[in-house]
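Here's the structure, in structure tokens; my notes come after.
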Amino acid sequence: DRRQCQLWIRDSWGNRTRIDYSKRACPAYKKIPGTDFVCDGFQYARTAMTQNHFLTHFHSDHYGGITKAWNSGTIYCSVATANLVNQQLGIDRKWLHPLPMLTPVVIESRGKPVTVTLLDANHCPGAVMFLFEIGSNKSKKHILHVGDFRWNREFMMTQAPLRPFARGEVLLDEIFFDTTYCDPKYT
């Protein structure tokens, strides 16, 4: 649906400009390697690309591209975020698949199982980080996609899935950060 691929923004003069994402490829930083999973990349949604979408939290710079006409696959997120997406955007619950916190869940990608665990991002209600575990024991890859988060070591270490990484028992193969505020103008 082309309506899902359009986003209206205002330029510095206050004029509305339409950005059409239907012709733009989904950037690599939205895709989880070794899977067909896409995180916070709804404006690039195509059913040919994936049916597995992940939403870190309910802020417009992350859910942008989701409209009431959404029909591009399952949206995995926290219970609180699923409720907000349903209430505020009118998305049919058949597209929403809330996952439990701190509980490994297996989701199929390209015919292979991927374990996904939601971790509290310490950001806003319902905000999560996704820990993806891809492959078998010997070749298992660990990927953390954080979206927006607020790091507090004491709080983060209350989440059991993060402890092996903090102790150095397990290493992350990749980490995806939202770098919105890495620009020096935000100091």
Between VAL146, VAL85, VAL105, find the one with the highest GNM mean-square fluctuation for the chain; connect C-alpha pairs within less than 10 Å.
-> VAL105
Hey, in the GNM for the chain with a 10 angstrom Cα cutoff, which one of PHE176, PHE149, PHE165 fluctuates hardest?
-> PHE165
Computed about the Cα centre, the charge dipole of the chain from +1 Lys/Arg and -1 Asp/Glu charges at the Cβ has a magnitude in debye, to the nearest 20, of 460 debye
Identify which of GLN51, GLN87, GLN43 has the largest mean-square fluctuation in a Gaussian network model of the chain, with springs joining Cα atoms closer than 10 Å.
-> GLN87
How many nm is it between the label spots at LYS140 and SER60, if each spot is 7 Å from the Cα in line with the beta carbon?
-> 4.1 nm
Would you mind counting up the charge near GLY135? Only other residues with Cβ under 11 Å from its Cβ, with Lys and Arg at +1 and Asp and Glu at -1.
-> +2
How much net charge surrounds ALA121 when only the other residues with a Cβ under 14 Å from the Cβ of ALA121 are counted, with Lys and Arg +1 and Asp and Glu -1?
-> -3
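List, in the order given, every pair from LYS112/LYS138; LYS31/LYS185; LYS30/LYS94 whose Cα-Cα distance in the structure shown is over 19 Å.
On the way: LYS112/LYS138 16 Å; LYS31/LYS185 28 Å; LYS30/LYS94 23 Å.
Over 19 Å apart, Cα to Cα: LYS31/LYS185; LYS30/LYS94.
With each run of n ≥ 4 DSSP H residues scored as -39500 (n - 2.57), what mean residue ellipticity at 222 nm is computed for the chain after dividing by its residue count and rounding to the nearest 500 deg cm²/dmol?
Numbers: 4 runs with 23 residues, N = 187.
Helix-only estimate at 222 nm: -2500 deg cm²/dmol.
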Leaving out ligands, DNA and RNA, what percent of the accessible area of the chain is carbon and sulfur, probe 1.4 Å?
-> 52 percent
Taking the convex hull of the alpha carbon atoms in the stretch 88-159, what volume per residue do you get, in Å³?
-> 121 Å³
If one takes the longest principal axis of the Cα atoms in the chain, at what angle in degrees, from 0 to 90 and to the nearest 10, does the Cα axis of helix 79-89 lie?
-> 0 degrees
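Under a 1.4 Å probe, what is the accessible area of the chain per residue, stated in Å²? The partial results should precede the final answer.
On the way: 10510 Å² over 187 residues.
On a per-residue basis, 56 Å².
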Evaluate the distance, in nm, between pseudo-label points positioned 7 Å from the Cα of ASN122 and of GLU108 along their respective Cα→Cβ axes.
-> 3.8 nm
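The values are calculated or read from the model by the stated rules, or taken from the named source; none is laboratory data. Keep in mind it's a predicted model, so treat the numbers as computed, not measured. We place every Cβ from the backbone using ideal geometry, glycine too, and count neighbours over all the protein chains shown. Each accessible area value is taken on the protein alone, full model and side chains, heavy atoms only, with ligands, DNA and RNA left out. Shrake-Rupley method; radii C 1.70, N 1.55, O 1.52, S 1.80 Å.
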